[in-house]
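Chemist: Quick one: this structure, given as structure tokens, is what I'll be asking you about.
The values are calculated or read from the model by the stated rules, or taken from the named source; none is laboratory data. Just so we're clear, the structure is a prediction, and the values are computed from it rather than from any experiment. Because the Cβ atoms are built from the backbone with ideal geometry, glycine has one as well, and the counts that use them run over all protein chains shown.
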Amino acid sequence: MKRWIPLIVFAVLVGFFAKGLFLNPREVPSPFIGKPAPAFKLPVVGVADKSFSPDDMKGKVWLLNVWAPWCVSCRQEHGVLMALSQSQKVPIVGLNWKDKEREAEQLLAEHGSPYFAVPDDRSGKTGIDYGVTGTPETYVIDQTGIIRMKHVGPISPDVWKEKFEPKLKELGA
């Protein structure tokens, strides 16, 4: 019996490893789902003497899109965000994460801004408070300020239809 124990332990470890290979890292559940969105107050890109706080969105379902001008995937999803913004289905706040205000202003001037506001998180602290691991990441926040969904990666039309639309409908947006 004693000589089977190492084999059993090895088999269990191989099983866990094999299962891990088939998990999608974008589907890792966030511990922030169902919890209040972390509070912050940040200056708004391109608007002197103006700041943004999640309290500004109380009573509305909204998206917090964490992006950066250097992020290639963020540029891929920009057209989708522009279309969503024009449809006015839900306001989008674009958190400029770990980049210079000037770079964000330039990109938005060239390609248009889908955002209701662009808070400037140059230090990255607000992103850390939200559990951001990279860009883009998008959060659905309800009328009471509770995080209801997190999506890691760019938003494509299919992702919007399959993930975001049902959640927004559920929230009455």
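Chemist: I'd like to know if the stretch 7-17 contains one or more residues that are surrounded by 14 or more Cβ atoms within 10 Å (Cβ to Cβ), modelled with pLDDT under 90, of a type outside the set (S, T, N, Q) and on the phi < 0 side of the Ramachandran plot.
Modeler: No, the conditions are met nowhere in the stretch 7-17.
Chemist: Identify all residues within the stretch 144-173 that are surrounded by 15 or more Cβ atoms within 10 Å (Cβ to Cβ) and either among the hydroxyl-bearing types (Ser, Thr, Tyr) or assigned to a loop (DSSP other than H, G, I, E, B) (or both); write none if there are none.
Modeler: Answer for the stretch 144-173, where residues must be surrounded by 15 or more Cβ atoms within 10 Å (Cβ to Cβ) and either among the hydroxyl-bearing types (Ser, Thr, Tyr) or assigned to a loop (DSSP other than H, G, I, E, B) (or both): 145, 153, 154, 155, 171, 173.
Chemist: Among the residues of the stretch 18-55, count how many are surrounded by 13 or more Cβ atoms within 10 Å (Cβ to Cβ), assigned to a loop (DSSP other than H, G, I, E, B) and modelled with pLDDT of 95 or more.
Modeler: Selection size over the stretch 18-55: 5.
Chemist: Being touching an Asp or Glu at 6+ places or on another chain (Cβ under 8 Å), farther than 15 Å from residue 80 by Cα and of a type outside the set (D, E, K, R) is true for just one of 172, 131, 145, 124. Which residue is that?
Modeler: Going through 172, 131, 145, 124 in turn, just one is touching an Asp or Glu at 6+ places or on another chain (Cβ under 8 Å), farther than 15 Å from residue 80 by Cα and of a type outside the set (D, E, K, R): 145.
Chemist: Restricting to the stretch 134-143, count the residues that are assigned to a loop (DSSP other than H, G, I, E, B) and in contact with a helix residue (DSSP H, G or I) (Cβ under 6 Å, 6 or more places away or on another chain).
Modeler: Residues flagged as assigned to a loop (DSSP other than H, G, I, E, B) and in contact with a helix residue (DSSP H, G or I) (Cβ under 6 Å, 6 or more places away or on another chain) within the stretch 134-143 amount to 2.
Chemist: For the stretch 128-143, which positions are surrounded by 14 or more Cβ atoms within 10 Å (Cβ to Cβ) and out of contact with any Leu (no Cβ under 7 Å at 6 or more places or on another chain)?
Modeler: Within the stretch 128-143, 129, 130, 131, 132, 135, 136, 137, 143 qualify.
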